[in-house]
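Below: the structure, in structure tokens.
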Amino acid sequence: MVRFAMTAGLLAGLAGAAGPGGGNLQETLAKLDAASARFTSAEAKVHRESYLAILKSVDSTQDGSLYVMRGKDGKTQVGLRTEGQGARTVEYRNGVVRDYNPVANCYDTVNKPGIDTYLSLGFGGSGKDLARAWEITDLGPETIDGTKTEKLDLVPRDAGVKANVQRVTVWIDLDEDVTRKLIFFSPSGDRNTATYSEIRVGKPVKVGDYAIKGKPC
């Protein structure tokens, strides 16, 4: 679920106070709640880098695009399409994840525990969702490619997620509720970094471009 990039209540003792890094967590979560209420859709280009600790270097890179859309029923739908070696098309809809392999021309239906944890990571996620899924340290504002973001360090509350993801650093545009950058840190020391660009908010999405093809594997 790291692909998705790219998923209630405030942390005790931090409500209304500045975090260790200088950010105001209560204000940040309130801004996310407000932006989430306005959010309808976002689409972006995504660049991913995978760093392997054992090699002490970047092992692979991948490019693609992502969309996140919220229906009138409040349900979130996500599509991700990557290109090149290891290309995939991944869809999350109606609580089901499907992972299409174009080489085999078939898809797997994936049961991913803790998916709500990942769906809280920007792209329409509310402050309440974020606080429910993660222990948050607000590190304060930081500019990414000319856009003001809030840098947050997150530790998953879900034990199943924590087995694979030790923590996440995320840079979120609080006005649009979209993520500009994510770094997933695994217990092994590996890192997966996703950087988002050409973000389109509230625009029509050609969902057909992300269609799952083939048959079940």
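The magnitude of the dipole of segment 25-216, with charges of +1 and -1 set on the Cβ of Lys/Arg and Asp/Glu and taken from the Cα centre, is near 540 debye.
In order along segment 130-138, the Karplus-derived 3J(HN,Hα) couplings, from 6.51 cos²θ - 1.76 cosθ + 1.60 at θ = phi - 60°, round to 5, 5, 5, 8, 9, 8, 10, 10, 8 Hz, and Gly and Pro are given as x. For segment 34-128, applying the loop criterion from DSSP together with a ceiling of 13 other beta carbons within 10 Å to the GluC sites (Glu not before Pro) yields E83.
Taking the centroid of alpha carbons for each part, segment 161-191 and segment 98-133 are 13 Å apart. Considering only L32, T193, N164, the residue lying farthest towards the positive end of the dipole of the chain is N164, judged by Cα position with unit charges set on Cβ.
Cβ crowding within 10 Å ranks Y118, Y92 as Y92, Y118, fewest other Cβ atoms first. Its DSSP H runs of at least 4 residues, each contributing -39,500 (n - 2.57), put the calculated 222 nm mean residue ellipticity of the chain at -3500 deg cm²/dmol, to the nearest 500.
Scalar couplings 3J(HN,Hα) for segment 199-210, obtained by applying the Karplus form with A = 6.51, B = -1.76, C = 1.60 to θ = phi - 60°, are 6, 10, 10, x, 9, x, 10, 7, 4, x, 5, 10 Hz; x denotes Gly and Pro. Of the residues R191, R180, the one with the fewest other Cβ atoms within 10 Å heads the list, and the complete ranking is R191, R180.
Every number here is computed from the coordinates shown, using simple stated rules; none is lab data. No experiment lies behind these values; they were computed from the predicted model shown. Every residue, glycine among them, receives a Cβ derived from its backbone with ideal geometry; neighbour counts consider all protein chains shown.
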